[in-house]
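First comes the structure, then the notes that go with it.
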Amino acid sequence: MHPTTHAFPENARRALSDERLQRVLATAGIGFIERRRKAAERLPEFEELRDRGRDIKNHVLENLDLYLERFEEAVVGQGGHVHWCATAVDARDAILSICRSVDAKTVTKGKSMIAEEIGINDHLEAAGLTPVETDLGEYIIQLRKEPPSHIIAPAMHLSKKDVADTFRAVHTELPPDRVLEEPTVLIAEARGVLRRRFQQADVGITGANLMVAETGSTVIVTNEGNGDLTQTLPRVHIVLATVEKIVPTLEDAQTVLRLLARSATGQEASAYTTFSTGPRRPEDADGPEQFHVVILDNGRTALLGTEFQEVLRCIRCGACMNHCPVYGAVGGHAYGWVYPGPIGAVMQPALLGLAEARHLPNASTFCGRCEAVCPMRIPLPKMMRHWRETEFAERLTPPAMRRGLALWAWFARRPALYHHAAGLAVRALRLLGGGKGRFARLPLANGWTAHRDLPAPQGRTFQQLWAERQRNGR
Amino acid sequence: MSGRDAILGGIRAALGRKTDDLARRATVEERLTRHPRGLVPARGQIPPAEQVELFTTMAREAACTVQPLAALEEVPAAVADYLAGLNLPAELRVAPDPGLDAIPWHARPTLTVSRGPARDADAVSVTGAFAGVAETGTLMLASGPGHPTTLNFLPDTHIVVLRRDRVTGTYEDAWDRLRAELGDVPRTVNFVTGPSRTGDIEQTIQLGAHGPRRLHILLVGG
């Protein structure tokens, strides 16, 4: 998927003036917040589980090499194969060569953000294979040739009418005059079409929410059951996972799983949590004959030992974007690549480079809601601040902004002068604001005044008010 | 350099570690061998009778139907009545599970019974369950010769025969039981909480996306 992250300001402006998208965004996100809150409140241990989850992942990251080795050992011990891939290119090649080794034609896919990250569908298609997304939301956007707009609700930006129009245009083998009003009818149609695809598939690709070092198991969490049909029916099951998805034991997996569903959808448990270990056993009547785990790095281990190490605790629940006012205003596509919202604002500069993604860490009010709800307690605002600092240090910030920041910094390093100048400016602004007490336009402030009035300061600076309060003993 | 060396070497360099870091290795080995429990919610740490009650409540909340039965002899009538009540065909694909052998299917001649993994046309499956987890009303289904995984996903209606003494309080209890009874982890362990569902169209939950639309649990035992 070709990133348009560098165009975030234009993408965002377009999203804000897209009435259809704004209607969808206004209603879509609210349920997530309320459901998460209720689920968290219902489990008295929830906050402490967040600490435990954070600690497990920190322990794993400090010993990542050893846990990966033990995971590999366990997978091989069960008759599976592990493919180590440093880059997206390596992972695409590994997957294609597994597909070719069994002469695969149709490849079904469970939902995987990493598959989006490495663009596996385009790669398989270019090689003459037919990849079929089976998660309903992913299937819909694959038919529409669109990227996902949310990591757990990929078709969140679409209405049921959009889905009906898409199905009518693509499912041409069905009667053109059929009624497609209700979601139940749309779901039944997709189920019918995809059942045939499941039967045809030679290879099934899933992601992994977790890898368990103790047993060599990979874990997927779904509600539809598509990931299970994807990995049970074909001859070959390929798991695509990144290095940081590992946990030590089944007990550790359980701690993370208790956080995941509640943070993502507010469910006590997702409908299906599946542990897959090796290929089918000789006595089994079904299941895949081959089990491959493609372990991808793609820039993640480069974050170890840096100020961004903690972002590798992420379990991709989506809570940060569900609670983000910026995401809620512009939706996922504006972010221009695979990971939107606050996690995207930290991950995309790491994976795409700051030159491409520098706008994202700036698209935040630092309200802190993302960190407040993150099940793994990732300090996302702090990391966005790190990216802003790096951006400035690497001189990627535009010249006008650099000059403004330099001027401000010059004053900020001279407190007496700063207080004096600020006092003067505030008094001048009060006079200029006059009777209305607000500005409809002001030089240098059109970023604010283009959308709303700027309230005029009331004559004293924050520092002056603070000093006065301290004197009065309040 | 192989991908393996590049990744593992990169990690060690970034963390400032060496391969022969014995203390670190010992910590990791101990954790994997002892697999200590984390924080287990108090909700599931209750006496067995209450576990069954909690399991039932939570499973119903997840849109399962739960029917208590005194003994396996009652299963055929319960299944026949359940299917008739929903106008569903009385054709069953039953798991080749020795634990289900004592069910006298012939007592209800209207039921057509075949055994084996699910085929695409099968509308109703009947399986056992390795355990029930009270904490969230979840079934733990372990693959094996007696329990083909396709039975859990292909048919529209999944009927599960769960013995009361297979209900555990927490996930950790269920895993301990699996380690003790099976030793090795089977190819597939499905934790199933309610029927298949999706919220992908306008964030409204609808049942029956790819897996079963109905999950009916027969809770057997006095």
| Given the C-alpha centroids of the stretch A:379-393 and the stretch A:1-28, what is the distance between them in whole angstrom? | 23 Å
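Using +1 on the beta carbon of Lys and Arg, -1 on that of Asp and Glu, and nothing else charged, what's the dipole of the stretch A:64-301 about the Cα centre, debye to 20?
In debye, rounded to 20, the stretch A:64-301 gives about 480.
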| query | Counting only residues 5 or more places away or on other chains, whose amide H sits under 5 Å from the amide H of residue A:205 once H atoms are built in the peptide plane? | reply | A:108, A:109, A:110, A:238
| query | Given the stretch B:45-220, what percent of its DSSP beta bridges are antiparallel, to the nearest 5? | reply | 30 percent
| Taking Cα centroids, how far is the stretch B:46-94 from the stretch B:180-222 in Å? | 14 Å
| query | In sequence order, what are the phi-derived ³J(HN,Hα) couplings for the stretch A:23-35 according to the Karplus relation 6.51 cos²θ - 1.76 cosθ + 1.60 with θ = phi - 60°, rounded to whole Hz, with x for glycine and proline? | reply | 4, 5, 4, 4, 9, 5, x, 4, x, 4, 5, 5, 5
| remark: Residues whose built amide H sits under 5 Å from the amide H of residue B:92, excluding neighbours closer than 5 in sequence, are B:112, B:113, B:114
| field | Residues whose placed amide H lies under 5 Å from that of residue A:81, excluding near-sequence neighbours | value | A:291, A:292, A:293
| note | Once the dipole of the stretch B:1-73 is set up from charges on Cβ (+1 Lys and Arg, -1 Asp and Glu), the residue from the list B:7, B:72, B:55 lying farthest towards its positive end is B:7
| Which listed residue (A:370, A:397, A:410) has the Cα farthest towards the positive end of the charge dipole for the stretch A:343-448, taking +1 on Lys and Arg C-beta and -1 on Asp and Glu C-beta about the Cα centre? | A:410
| message | Tell me the net charge near residue A:410. Cut-off is 15 Å between Cβ atoms, residue A:410 excluded, with +1 for each Lys or Arg and -1 for each Asp or Glu. | response | +4
| field | Positive-end residue of A:256, A:353, A:242, charge dipole of the stretch A:226-369 with Cβ unit charges | value | A:353
| query | Once you charge only the Cβ atoms, +1 for Lys and Arg and -1 for Asp and Glu, what is the size of the charge dipole of the protein assembly as shown about its Cα centre, to the nearest 20 debye? | reply | 3600 debye
| query | If contacts are Cα pairs under 8 angstrom and at least 6 residues apart, what is the relative contact order of chain A in percent? | reply | 20 percent
| task | With an 8 Å cut-off on Cα pairs and a minimum separation of 6 or more residues, tell me the relative contact order of the stretch B:116-188 in percent. | result | 39 percent
| Surrounding net charge for residue A:211, when Lys and Arg each add one and Asp and Glu each subtract one, Cβ distance under 13 Å | -3
| said: Cut-off is 10 Å between beta-carbons; in what order do A:50, B:24 appear when sorted fewest neighbours first? | reply: B:24, A:50
| note | Which of A:109/A:382; A:57/A:160; A:57/A:161; A:38/A:160; A:105/A:145 exceed 32 Å between C-alpha atoms? The answer is A:109/A:382; A:57/A:160; A:57/A:161
| message | Using helices alone, I'd like the mean residue ellipticity at 222 nm for the protein assembly as shown: each DSSP H run of four-plus residues gives -39500 (n - 2.57), total over residue count, nearest 500. | response | -13000 deg cm²/dmol
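Give the percent of DSSP beta bridges with both residues in the protein assembly as shown that are antiparallel, rounded to the nearest 5.
On the way: 25 of 74 bridges.
Close to 35 percent.
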| task | Would you work out the charge dipole size for the stretch A:142-245 about its Cα centre, treating the Cβ of every Lys and Arg as +1 and the Cβ of every Asp and Glu as -1, and quote it to the nearest 20 debye? | result | 200 debye
| field | Overall form of the stretch B:45-220 per C-alpha gyration tensor (a/c, 1.5; a/b vs b/c) | value | rounded
| task | Fewest Cβ neighbours within 10 Å first, please rank A:82, A:185 accordingly. | result | A:185, A:82
| field | Packing-based exposure ordering (other Cβ within 10 Å, fewest first) of A:382, A:245 | value | A:382, A:245
| Taking K and R as +1 and D and E as -1, what net charge do the other residues with C-beta under 14 Å from the C-beta of residue B:82 add up to? | -1
| field | Share of Cα-Cα pairs in chain A lying beyond 33 Å, as whole percent | value | 44 percent
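Considering only DSSP beta bridges with both partners in the stretch A:64-301, what is the antiparallel share in %, to the nearest 5?
25 percent
Any read-out appearing in this document is the output of simple, stated calculations on the displayed coordinates, not a laboratory observation. Given the structure is predicted, the values throughout are model-derived calculations rather than measurements. As a convention, Cβ positions derive from the backbone with ideal geometry for all residues, glycine included, and neighbour counts pool all protein chains shown.
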